[in-house]
Amino acid sequence: MGYHNILVKNESAIGLITINRPNKLNALNTETIKELHNAFSSLEKNKEVKVIILTGSGEKAFVAGADILEFADFSVNKGKKLASKGQKLLFDFIENFSKPVIAAVNGFALGGGLELAMACHFRVASDNAKMGLPEVSLGVIPGYGGTQRLPQLIGKGRAMELIMTAGMISTEQAYTYGLVNHVVAQEELLPFCKKMASKICNNSTVAISHAIKAINAGFKNTVNGYEQEIDSFGACFGTDDFAEGTTAFLEKRKADFPGS
Ligand code: COA
């Protein structure tokens, strides 16, 4: 299959997916989300592949968020559709994937990028990475599961703070929070993840897929939270704050929110 925004490489039992829009810091546009869905679908069917590693190209970014340019003029309905389609096609899809998915966070993981890393089964980061959910600085909220998965991973109070401040945390802090399992030097990131993937490959793939299902089942009572997120995310698109937040980003200036 020909992809324009991602690279897919199979190294025996390991499937390596690299998001490849380095000029846009690997921002997730609709096409990239579709391509990622297709790549994951085909790796799911490939019996040789037992573990997937997801990373970003270049040394600067894993994924710097959803593509702001693409949604800056969306209506409430289009905003809701963006969140619900993305959640179904990619984020929930990865979370419930039958094979282990490791996020190799090689740089900025912001907004949709951190949401993507959080949808993976666990995360390893390089020491230069920075993580955060800056959506409220654009007048919107996380829409790809971030309001649900961040508190699951780091606790409600820390998630509230990180989302409200739109702040970025270092890998050291992310490690302390339990957001990433390991921190390694950038050149060690892929070798480390591959070593870990090989270790996983020694175990029963069937048992692992059952373990993923069982672990995820414990969090399924949050389903209404995801629906609330979609509604609230969509509602942001009808606000003046959102228009100002996204325009300010695209004009490379600080937002001056009107508050409505
Ligand atoms: N959507 C669309 N384009 C993005 C993007 C995003 N989420 N993040 C970065 N880019 C683009 C920039 O517009 C720029 O494009 P240009 O060269 O055509 O102008 C390019 O990627 C490089 O980014 P730049 O901002 O110049 O790099 P930087 O080193 O100065 O800053 C960041 C890096 C990550 C701090 C900054 O890009 C940023 O804040 N990005 C947005 C993060 C965000 O709010 N994500 C949540 C979206 S919901």
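The values are calculated or read from the model by the stated rules, or taken from the named source; none is laboratory data. Because the structure is predicted, anything quoted here is derived from the model rather than measured. Neighbour counts are summed over all protein chains in view; Cβ atoms, including those assigned to glycine, are modelled from backbone coordinates with ideal geometry.
Values as computed for the structure displayed
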| quantity | calculated |
| --- | --- |
| Residue pairs meeting the criteria (Cβ under 6 Å; at least 6 apart or on separate chains; first at negative phi and touching a residue at least 12 places away in the same chain (Cβ under 8 Å), in the range 90-103; second part of a helix (DSSP H, G or I) and buried (at least 19 other Cβ atoms within 10 Å of the Cβ)) | 90/33; 90/36; 91/119; 94/119; 95/119; 101/94; 102/193; 103/117 |
| Members of the range 6-22 that are buried (at least 21 other Cβ atoms within 10 Å of the Cβ) and either part of a loop (DSSP other than H, G, I, E, B) or within 16 Å of the ligand (Cβ to nearest atom) (or both) | 19, 21 |
| Residue check, residue 137 of a type in the set (Gly, Ala, Ser), within 15 Å of the ligand (Cβ to nearest atom) and either over 16 Å from residue 213 (Cα atoms) or modelled with pLDDT of 95 or more (or both) | yes |
| Flag for residue 242 being touching a residue at least 40 places away in the same chain (Cβ under 8 Å), assigned to a helix (DSSP H, G or I) and under 14 Å from residue 143 (Cβ atoms) | yes |
| Test set (1) modelled with pLDDT under 95; (2) over 21 Å from the mean Cα position of the chain (by Cα) - residue 222 fails condition number | (2) |
